[in-house]
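Structure, as C-alpha cells:
The values are calculated or read from the model by the stated rules, or taken from the named source; none is laboratory data. Just so you know, these numbers come straight off a predicted model, no measurement behind them. Here the Cβ is made from the backbone with ideal geometry for all residues, glycine too, and neighbour counts use every protein chain on show.
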Amino acid sequence: MKAKKSIRLFTTFMLPLFFLAVYACNNDNATSPDPVSDADYSSSEYAVYEYDDEFAGINDGSLDNDMTLSQDSPRDHQALQANRGRASFMNRRGHRGMHLWQLLDSLNLTVDQDTLVKIILMDYRECITVPIQEFRDEATPIIEEARLQRQAIVDSMRAGVITHREAFTEMMSIFKAKHELIKELADQLGLREAMCECKITMFDNIAAILDETQKAIFDEWYAKQWGPCFTPAPADTTSN
C-alpha cells in the first residue's frame, strides 16, 4: 500500500513540475505584465479539500436513512463544496490553509500564474483521489454492516419488539461505534498523512511560480499555518 501511494504521488506531480519548469525558463522573474482581473478566489475552484472535509461527508444515518460515506469525487470541486456547508467545516473556516482566497488575493498574480495555480490545484485533487478512494473502498464493509444492523433494528421496532425510543438509542450507539471504526481505519491506512503529502507538495509548487516579492508574502502567510500538515501553532498565535 505504501509503495502504491509513493508511485502515484510521483506520477501525479509530474504534470505541474513540467509546467513549472517551462514557466521558469520563459519568465526570468516568474511574472508577466498582465495581472489577473476576473479570478473569483472565494470560489470552490480554489478550495483545498482535506481530511476533515472527507469525514464531514459521512452521513451517520438515522431510523429513516442508512449510514453512508461521501459519494462525491475529490476531482469535482463543485460537488465537494456541499460538504463545506456543514457546521463541522464552517467552524474551521479559514484555518490551516483550507482555502487559498486570502493568500491568492494578496499575491497580485498574473494571468499566467493564475492559470498555473489552477493546474496545481487540479493536480492536488487528482493526488488525493488515490488515498481517498482506497479509504472509501476499505470502509465499505463497515458501512454495509451498519446498514444491516440498522435494518434489523427497524424490523424489530416495526414488529413491536422494541419501542421507537429504544430503536433510536440502539441506532445511535451503532453509528457512533461505526464512525470510530472508520476513523481507526483511516489512521491505519495513513489517509491524513497521504493527503498532507499532496497538500505540502501543492504549496511547494505554488511557491515555485512566484517572483521574489510574491514569495515573501507567501512565506509570511505560510509561517502562520498550523494543524496536522504543519508545525503546531504557538499558544499565543492563530492561523491565517
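Quick notes on this structure:
- Here Ile162, Ile143, Ile174 are screened, and the one residue that is more than 21 Å from Arg125 (Cα to Cα) and not in a helix (DSSP H, G or I) is Ile162.
Yes/no matrix, rows are residues, columns are (1) on the phi < 0 side of the Ramachandran plot; (2) under 20 Å from the mean Cα position of the chain (by Cα); (3) part of a helix (DSSP H, G or I); (4) surrounded by 15 or more Cβ atoms within 10 Å (Cβ to Cβ):
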residue: Thr169; (1), (2), (3), (4): yes, no, yes, no
residue: Lys178; (1), (2), (3), (4): yes, no, yes, yes
residue: Glu184; (1), (2), (3), (4): yes, yes, yes, no
residue: Gln188; (1), (2), (3), (4): yes, yes, yes, no
residue: Arg192; (1), (2), (3), (4): yes, yes, yes, yes
residue: Cys196; (1), (2), (3), (4): yes, yes, yes, yes
residue: Thr201; (1), (2), (3), (4): yes, yes, yes, yes
residue: Ile206; (1), (2), (3), (4): yes, yes, yes, yes
residue: Leu210; (1), (2), (3), (4): yes, no, no, yes
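- Leu109 being buried (at least 17 other Cβ atoms within 10 Å of the Cβ), at pLDDT 90 or above and farther than 18 Å from Ile132 by Cβ: yes
- Ile120 falls short on exactly one of the conditions (1) under 18 Å from the mean Cα position of the chain (by Cα); (2) assigned to a helix (DSSP H, G or I); (3) at pLDDT below 95, and that condition is (3).
Residue by residue, here is whether (1) of a type outside the set (A, V, I, L, M); (2) more than 23 Å from Val48 (Cβ to Cβ) holds:
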| position | (1), (2) |
| --- | --- |
| Thr129 | yes, no |
| Gln133 | yes, no |
| Ala152 | no, yes |
| Gly160 | yes, yes |
| Phe168 | yes, yes |
| Lys178 | yes, yes |
| Glu184 | yes, yes |
| Leu189 | no, no |
| Cys198 | yes, no |
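- Some residue of the stretch 125-140 being outside any helix (DSSP H, G or I) and in contact (Cβ under 8 Å) with a residue 24 or more places away in the chain: no
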